[in-house]
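*Asks:* Would you mind keeping the following structure in view while I ask a few things?
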Amino acid sequence: MKNYLKIAAILTMIWVIPMAFLGEVSVQPVLHETIRNLYWHVTMWFSMFVLLLAAVVHGIVYLRTNNSLNDEKSLALTQVALVYGLIGIATGMIWARFTWDTFWTKDPQLNGAAITILAYLAYMVLRSSISDARKRAEISAVYGIFAFVLMVVLIVILPRMQDVDSLHPGKGGNPGFGNYKDLKNDMRLVFYPAILGWTLMGFWMANLSFRIQRLTRNTNATH
Amino acid sequence: MNNLRLIWTWIQHEWRMELRQKAGIQGALLYVVVTLVVAYQAIGAVQDIETWVGLLWIILLFSVVNSSSRAFSAEGTGKKILLYFWLKPGQLILARMGYQMMFNGLTGIMGFSMFGILMGIPGNGVGMLVLLVAAGSAAAAALGTFMAAIASVAGNGAGLSAVLGLPLMVPTLMAASKGSIFCLQGGISQAQMYLAMLLLLTTLVVSLGYILFPYLWRD
């Protein structure tokens, strides 16, 4: 990973984290100060999606080139995306407890998120069940691509095609965040950099995890 | 054309093998009946439409997972090598998926009839419901077949293919159960939309399988 990207990640986080806690937010009924979770919860899903997309791209490249580096990168990216997904669920549950008065509801987006996490946990089980490295790389790349395409169908297309009521903003007749008349532009100035910052941090973490796994394997091989 | 005929020949061959062994088809049917009776013992006749549909699809889904997970487990190394030289990987997966889709579509309809006899049908539109059952079972079967292929190449049994497949079957389950609810409530046009959605999902799964299977099958 290029150094200027790391610097960009640090700078955005230095801007985002204090502003997320201290910056001015628009006051909404029910939401009140919990609207600050926008910077944590929503950004996690965006970043997770980008990371998973990158993981799938590495999977496709692996199938075309058989370069084991691509498989390891794909694994590291999926791991970080999974962590982001779990954080996304946790922050979402806390938010839901304060605004909808429950940790979990039958909401298409919640179900989609849960299914995605399950599918990628299954991906991890699949990986750990195969000992031969080349076979593992091939099979998990195939499953990864398959799961990603179906996840896109699940998250993007199905909730729009069926008239299920969602409690999420912008769905089921609820106003989207963009429709709040007094949504301060200050919030956009934190929200968009937060997406960028978390995504860059994700790539950085994946990069570190990839390098650690590679070093561990190489040192084990020489002993 | 030659391609299609080869696949069709292979589907017929699978069917003949199935009839010869008998255990597979008997097992699949018995699985549906046993689950049905167990559910009936546990819950009894259900009148509420949403619960009825939910129960129907859980039973159908598990029987599809159960029977499609056998799709790649039957052959030993010798037959694998034979298959490898006989069919292109794309042809093999299309034949297997096609066969499983037909098989599970039929067992799904049979299971649905038994379900209807035991539980009663709380609404109208039985014809549409049968179509939805066949399409939903077929969609899940195509996916289950691919997961069985993955699990078999990974050297793992039916347990893994259920873990891999069930989360990915949720879009199918959602479309199928929503469609069935609309159907029972008399909303045939909405049900038709969900039927079309199931067919689209099946097309997606089959084409993904056709594209990706050669990478699984190369060694």
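*Asks:* Along the charge dipole of the protein assembly as shown, pointing to its positive end and built from +1/-1 on Cβ of Lys, Arg, Asp and Glu, which listed residue (B:117, B:87, A:196) has its Cα farthest out?
*Replies:* About the Cα centre, the residue reaching furthest to the positive side is B:87.
*Asks:* How far apart, in nm, are two points set 7 Å out from the Cα along the Cα-to-Cβ line at residue B:200 and at residue A:66?
*Replies:* Inter-label distance under the simple model: 3.9 nm.
*Asks:* So for region B:1-129, averaging the separation of alpha carbon pairs under 8 Å that are six or more residues apart and normalising by length, what relative contact order in percent results? Numbers along the way, then the final one.
*Replies:* Details: 58 pairs, mean separation 58.1, N = 129.
It rounds to 45 percent for region B:1-129.
*Asks:* Using 1/(1 + (r/R0)^6) with R0 = 45 angstrom and r between the beta carbons of residue B:86 and residue A:219, what's the FRET efficiency to the nearest 0.05? Mind dumping the intermediate values first?
*Replies:* Values: r = 46 Å, r/R0 = 1.02.
Step by step, r from the Cβ atoms, then E = 0.45.
*Asks:* Based on the mean of other beta carbon atoms within 10 Å per residue, what is the order of A:138-149, B:15-26, A:15-26, most packed first?
*Replies:* A:138-149, A:15-26, B:15-26
*Asks:* Right, next: What's the total accessible area buried between chains B and A, using a 1.4 Å probe, rounded to the nearest 100 Å²?
*Replies:* When B and A are taken together, about 2700 Å² of accessible area is lost.
*Asks:* Turning to a different aspect of this structure: Can you send over the solvent-accessible area of residue A:135, 1.4 Å probe, protein chains only, in Å² to the nearest 10?
*Replies:* Accessible area, nearest 10 Å²: 60 Å².
*Asks:* To the nearest 0.05, how large is the calculated FRET efficiency for residue B:192 and residue B:117 if R₀ is 22 Å and r is the Cβ-Cβ distance?
*Replies:* 0.25
*Asks:* Helix hunt in chain A: which complete DSSP H runs extend at least 20 Å axially by C-alpha with mean Kyte-Doolittle at least 1.0?
*Replies:* Values: long enough: A:3-22 (29 Å, 1.68); A:41-65 (36 Å, 1.52); A:68-99 (46 Å, 0.73); A:108-128 (30 Å, 0.95); A:133-152 (28 Å, 1.06); A:185-222 (56 Å, 0.09).
Helix filter hits for chain A: A:3-22, A:41-65, A:133-152.
*Asks:* Counting only protein heavy atoms, probe 1.4 Å: which residues of region B:191-215 lose 40 Å² or more of accessible surface in the full assembly compared with their chain by itself?
*Replies:* Going by heavy-atom accessible area, the residues of region B:191-215 that drop by at least 40 Å² are B:197, B:204, B:208, B:212, B:215.
*Asks:* In Å³ and rounded to a whole number, note down the convex hull volume per residue for the Cα atoms of the protein assembly as shown.
*Replies:* Per-residue hull volume (Cα only) is 179 Å³.
*Asks:* Determine the per residue accessible area of region B:2-216 with all protein chains present and a 1.4 angstrom probe, expressed in square angstrom.
*Replies:* Accessible area per residue, region B:2-216: 43 Å².
*Asks:* With label points built 7 Å along Cα→Cβ from the Cα atoms of residue A:53 and residue B:15, find their separation and express it in nm.
*Replies:* 4.5 nm
*Asks:* Same structure, new question: In debye to the nearest 20, how big a dipole does chain A give about its Cα centre with +1 on each Lys and Arg Cβ and -1 on each Asp and Glu Cβ? Present the calculation step by step, with values, prior to reporting the outcome.
*Replies:* Working: 19 positive and 12 negative charges, 153 e Å.
The calculated dipole for chain A is roughly 740 debye.
*Asks:* On the accessible surface of region B:2-216, probed at 1.4 Å, how many percent belong to carbon and sulfur atoms?
*Replies:* C and S fraction of accessible area: 68 percent.
*Asks:* So how far apart, in nm, are the two label points at residue B:25 and residue A:186 if each is 7 Å from Cα heading toward Cβ?
*Replies:* 7.3 nm
*Asks:* Next question, about the same structure. Hey, what do the phi angles of region B:86-94 turn into as Karplus ³J(HN,Hα) couplings, whole Hz, using 6.51/-1.76/1.60 and θ = phi - 60°, x for Gly and Pro?
*Replies:* The phi angles translate into 7, 10, 6, x, x, 5, 4, 5, 5 Hz.
*Asks:* Another question, then. Could you report region A:69-142's accessible area per residue, 1.4 Å probe, as an integer in Å²?
*Replies:* Accessible area per residue, region A:69-142: 42 Å².
The values are calculated or read from the model by the stated rules, or taken from the named source; none is laboratory data. Note that the coordinates shown come from a computational prediction; the quantities given were computed from them, not determined experimentally. Every residue, glycine as well, gets a Cβ built from its backbone with ideal geometry; the counts of neighbours run over all protein chains shown. Calculation scope for accessible area: heavy atoms of the full protein, side chains included, ligands and nucleic acids excluded. Shrake-Rupley method; radii C 1.70, N 1.55, O 1.52, S 1.80 Å.
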